[in-house]
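Here the structure is laid out as structure tokens; the discussion comes afterwards.
The values are calculated or read from the model by the stated rules, or taken from the named source; none is laboratory data. Owing to the predicted nature of the structure, the values given are computational and were not obtained by experimental measurement. Here the Cβ positions follow ideal geometry from the backbone for every residue, glycine too, while neighbour counts run over all protein chains shown.
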Amino acid sequence: MRTRLLAGFLALALACTPSAEPPAPSIADRAELAADRIQILHTDDIHGRLEPAMVSSGTASFQLGGMATLATQVASFRNRAPERTMLVDSGDAWQGTFVSNANKGQAVTNVMNLMRYDALALGNHEFDWGQDVLTQRAREANFPFLAANVVDATGSVPAYAKAFVVKDLKIAKVGILGLTYPGSGTIVKATSITGLRFLPAADTVRKYLPELQRSADVVVVAAHIGALDAATLAQAVPEIDVIVAGHDHMPLRTGQLVGKTTIVDAGAYTENLGHLELTIDPNSHRVTAASRSDELMAVASGRVKPDPDVAKVVEERRAEGLRFTARVVGKLASAQDNPREENGLGNLITDAFVAYGREQGWSTDVAFYNMAGVRSPLPAGEITYGQLYQVLPFNNVIVNVDLSGAQLREVLEAASGTAGRLHIGGGAWTYRFSNPPGQRVLAATVGGAPIDPARVYHVATIDYLLLGGDGHSEFAKGTNVVYGDIEVDVVAAYMTARSPLDPKVEGRIQQR
């Protein structure tokens, strides 16, 4: 069943990838919402994309996304029936661009206030700057943060969040329960989530379901989990009416039905606005049908007049950020993509770490960076600091740690198995995933020589991995930890000193 669901969701997600300029949104004269319907407007994985992005397809180019245009389209749908409309986000709203990260999500929170969001389910990246920042953002927000499956040492949801809220949409009361990605404990920097536990999704929903059903007619779960995990949740808790999914960045053009649960996912980066209509029985106030076809509206910037209040905030942030982001840091001879496998961009980053470590006097032998941390591709030509920042937005710090050859081999074994995959600089390895744990690495070299189990190697990586990020507990076994500069600045300096660059796949990581 899970395999069939995966195939279906992947097909629908791929169908949502823009291949040509999207049709102009029909903002004017939008039909009034039928009297027996409510509408759920939804976004997820905004990742700080206040500004639109330029998208090219063949000879055509167009602007896609941006919160000012998104705000206009939200308003156009809300105007159909303001009292029967709710707007929710399923997490990862702030982290990802310089203009958002510079004030740790404050600008995005401000824009979400202007757009009158009803709730934000906290994503894993909402925790990136720590719980003090989360508390401050919660004070500024005019809408609640939801995280029912996040508990502190007392077993309670932290004070900056709620488990759920209920919104009265006149013909039905809608309960919105929020879920954070249950695996956040392995992918968020440990210092940012001290004292927190992230509980399983289905167990959490079951816990709150009786209270939700007493308080509301319609049960909505805003969940920072991918559509496939949302399908599993729907099977486990069939009483859920709607799951607004996120985290996987894979939009679903058509809402998916699992049992009686409708699953929707708008994708990422403000490229789409989701708009789900639910038909409500006038007597029971329960959902009788969901309009699942053509569930997404492309946020086609340049074709719609931006919301002036939101545009003002965006322009202020853009103008302030240009002092830093407009600086050209280097030049690439070819475009660089960021798949979760060896690629030229990952090789460039780890080569920069090796060079930096040696410049610092660390005598760096080998470097690692988590593949999931490479967040954006780069085009050919001149690269600005702002473009590079979208590749490396997390402000991780470069560290040196000394590992024995045996410990270094543990790092490679983990990256060949269940832990997060790693880019490597200064070394290479070959592995077979199907081998038993501890026997997956077939060959490994550093500096062209086989790893010596007894030798001490000087390893450059980031504090995120040192602290166990992406399931890598091996780095913490090392000694002589030294801290350096922020990753994006290290790579920027490397590019400036060596451009033009043309990084390639070199066979550093080979699977047999």
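Quick notes on this one:
- Some residue of region 64-76 being part of a loop (DSSP other than H, G, I, E, B), assigned by TED's automatic domain parsing to the domain that holds V218 and on the phi > 0 side of the Ramachandran plot: no
- Condition check for G48 on (1) on the phi > 0 side of the Ramachandran plot; (2) surrounded by fewer than 24 Cβ atoms within 10 Å (Cβ to Cβ): one failure, at (2).
- Given (1) of a type in the set (D, E, K, R); (2) surrounded by fewer than 21 Cβ atoms within 10 Å (Cβ to Cβ); (3) closer than 19 Å to T204 by Cβ, index of the condition D132 fails: (3)
- Yes/no for I225 being in contact with a Phe, Trp or Tyr (Cβ under 8 Å, 6 or more places away or on another chain), aliphatic (A, V, I, L, M) and within 28 Å of G468 (Cα to Cα): yes
- Count of residues meeting criterion [more than 20 Å from D168 (Cα to Cα) and not in a loop (DSSP other than H, G, I, E, B)] in region 86-111: 10
- Residue in region 369-383 that is touching a Ser or Thr at 6+ places or on another chain (Cβ under 8 Å), in the same structural domain as E341 (by TED's automatic domain parsing) and closer than 22 Å to Q510 by Cβ present: yes
- Scanning region 230-252 for residues that are buried (at least 19 other Cβ atoms within 10 Å of the Cβ) and touching a helix residue (DSSP H, G or I) at 6+ places or on another chain (Cβ under 7 Å) returns A231, L233, V237, I240, I243, A245, D248, M250, P251, L252.
- Residues that are part of a loop (DSSP other than H, G, I, E, B) and of a type in the set (A, V, I, L, M, F, W, C), drawn from region 157-191: V157, A159, A161, A163, L169, I171, A172, V188
- Answer residue from region 305-326, given it is surrounded by fewer than 20 Cβ atoms within 10 Å (Cβ to Cβ) and part of a loop (DSSP other than H, G, I, E, B) and is nearest to the chain's Cα centre (by Cα) among those: A326
- Of all residue pairs spaced 6 or more apart or on separate chains, those with beta-carbon atoms under 9 Å, a first member in region 352-363 that is on the phi < 0 side of the Ramachandran plot and outside any helix (DSSP H, G or I) and a second member that is aliphatic (A, V, I, L, M) and crowded, with 21+ Cβ neighbours inside 10 Å are Q360/I398; Q360/A460; W362/A460.
- Residue list for region 420-440, restricted to those being within 23 Å of G344 (Cα to Cα) and surrounded by fewer than 21 Cβ atoms within 10 Å (Cβ to Cβ): G420, R421, A428, T430, R432, F433
- Enumeration of residues in region 185-203 that are surrounded by fewer than 24 Cβ atoms within 10 Å (Cβ to Cβ), of a type in the set (G, A, S), in contact (Cβ under 8 Å) with a residue 24 or more places away in the chain and under 24 Å from L228 (Cβ atoms): A202
- Among the residues making up region 469-483, those that are surrounded by 18 or more Cβ atoms within 10 Å (Cβ to Cβ) and either touching a Phe, Trp or Tyr at 6+ places or on another chain (Cβ under 7 Å) or assigned to a loop (DSSP other than H, G, I, E, B) (or both) are H472, E474, G478.
- Unique residue being touching a residue at least 40 places away in the same chain (Cβ under 8 Å), of a type in the set (A, V, I, L, M, F, W, C) and either assigned to a helix (DSSP H, G or I) or assigned by TED's automatic domain parsing to the domain that holds E487 (or both) when the list is L403, L412: L403
- Test for E211: is it outside any loop (DSSP other than H, G, I, E, B) and surrounded by fewer than 17 Cβ atoms within 10 Å (Cβ to Cβ): yes
- A count restricted to region 136-156 and to residues that are surrounded by 15 or more Cβ atoms within 10 Å (Cβ to Cβ), of a type outside the set (D, E, K, R) and not in a strand (DSSP E or B) stands at 8.
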